[in-house]
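Inspection log for the structure reproduced underneath, given as structure tokens.
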Amino acid sequence: MRVNSFFVDENVTLRWNTTGITVAGTPNAFGNASNQLYNPWGLALTSENTLYVADRYNNRVQKYLRGSLNGTTVAGQANATTCVSYQCLLYPSSLALDDNENLFISEERGHRVVLWKKDAIFGELVAGTGTDFVVYV
Amino acid sequence: MGILLGWGNGTNQFRYPYNIFRDKQSGTLYVSDNGNDRVMRFTEGNNTGVLVAGGNGPGNNTNQLNYPMAIYFESLSNSFIIANRYAHNIVRWRIGDSNWTLVAGNLNASSGNSPSSFSNPYGLAVDSMGNLYVADRSNTRVQFFLAGQIEGRTIAGITGVFGSNSTLLNQPYEIAFDNQLNLYVADSYGNRVQKFLRY
């Protein structure tokens, strides 16, 4: 194991174990089961170390209680489907939590920012005007 | 005929929004609008944004951004730290200014795998001491920069070695820290999130 220490001042040492632990997803096995991810992107953590992950190609956001590898879907659809409605996400890219665990989500291909309040089953538009679904007229 | 609706470059529109940063005090939301090469500010309850960085087309000049990815708003200096993807650098853009200044990476927008270079920097984080952390996607590593320094050190992954064992990464997109400064890495093509314990 490599050891890197960074002495910021006499009180602080910064160093990390260079061997990682998987805390979400199944390495090299993408999918939409509760223990899988498909191209994860945005991350957000609460003060209790609850982890939220923007599960990009699964069009959902997964929540992991500390120590659990099984995620629950808190935004979008657990089965990874997408749709033109506020019940779905389209390529979520990043996350921001407020102190009440309400979740702001940017959608790369939804071209919008939505707010999913804690335990909500649909999002509310915060900014942006639409998706890049092709609409036939 | 198929047409695309809803996305664009209006002040109420995005083109591939990639990162949001929310100021917890004010509720103001900042969004990196990647395809429009700009950063927008949305005050709480307002869905019309105000341009705060970029907006001059994609490019490597100091008045331009080139596919901005992660953003971090530093309230003390009233400025953004921006992962400037195709310029392969990290820049600081003070609100009200019309130019960025270099924080890390190469001024001439060249990519590389040296300790002071990046290749497609995607994610970043700044700790309470002002140290900078960068998810250096195509070098498949996480770089650490002591505050004010331009020479980085690798704290996760091995430069240029893509993989899925416990010491390697496969194109990290984003990083985050918990209260104990343990490092979390969205290991995008590894389809996992890795945690690196601080000790």
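The values are calculated or read from the model by the stated rules, or taken from the named source; none is laboratory data. Remember, it's a predicted structure, so these values are computed and weren't measured experimentally. Positions of Cβ are backbone-derived with ideal geometry, glycine not excepted, and every protein chain shown enters the neighbour counts.
Numbers for the structure displayed
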read-out: Residue match in the stretch B:116-131 (condition: modelled with pLDDT under 95, touching a strand residue (DSSP E or B) at 6+ places or on another chain (Cβ under 6 Å) and either part of a loop (DSSP other than H, G, I, E, B) or closer than 18 Å to B:Arg85 by Cβ (or both)); value: yes
read-out: Subset of the stretch B:176-199 (residues that are outside any strand (DSSP E or B) and facing chain A (nearest Cβ under 8 Å)); value: B:Asp178, B:Asn179, B:Leu181, B:Asn182, B:Ser188, B:Tyr189, B:Gly190, B:Asn191, B:Leu197, B:Tyr199
read-out: Single unsatisfied condition, B:Ser116 versus (1) under 28 Å from B:Ala53 (Cβ atoms); (2) within 7 Å of chain A (Cβ to nearest Cβ); (3) surrounded by fewer than 17 Cβ atoms within 10 Å (Cβ to Cβ); value: (2)
read-out: Residue match in the stretch B:71-87 (condition: at the interface with another protein chain (Cβ under 9 Å from one of its Cβ atoms), within 29 Å of B:Leu146 (Cα to Cα) and either under 17 Å from the mean Cα position of the chain (by Cα) or at pLDDT below 95 (or both)); value: no
read-out: Enumerated strands (runs of 3 or more DSSP E) restricted to the stretch B:50-96, each holding at least 1 residues that are free of Cβ contacts under 8 Å to residues at least 40 places away in the same chain and crowded, with 20+ Cβ neighbours inside 10 Å; value: B:50-54, B:79-84, B:89-94
read-out: B:Tyr173 crowded, with 23+ Cβ neighbours inside 10 Å, facing chain A (nearest Cβ under 7 Å), assigned to a strand (DSSP E or B) and of a type outside the set (Gly, Ala, Ser); value: yes
read-out: Any hit, the stretch B:152-165, residues being free of Cβ contacts under 8 Å to residues at least 60 places away in the same chain, part of a strand (DSSP E or B) and of a type in the set (Ser, Thr, Tyr); value: yes
read-out: Which numbered condition B:Arg15 misses (of (1) touching a residue at least 24 places away in the same chain (Cβ under 8 Å); (2) within 11 Å of chain A (Cβ to nearest Cβ); (3) surrounded by fewer than 19 Cβ atoms within 10 Å (Cβ to Cβ); (4) under 18 Å from B:Tyr86 (Cβ atoms)); value: (1)
read-out: Search result, residues across the stretch B:132-148 that are assigned to a loop (DSSP other than H, G, I, E, B) and without any contact (Cβ under 8 Å) to a residue 24 or more places away in the chain; value: B:Leu146, B:Ala147, B:Gly148
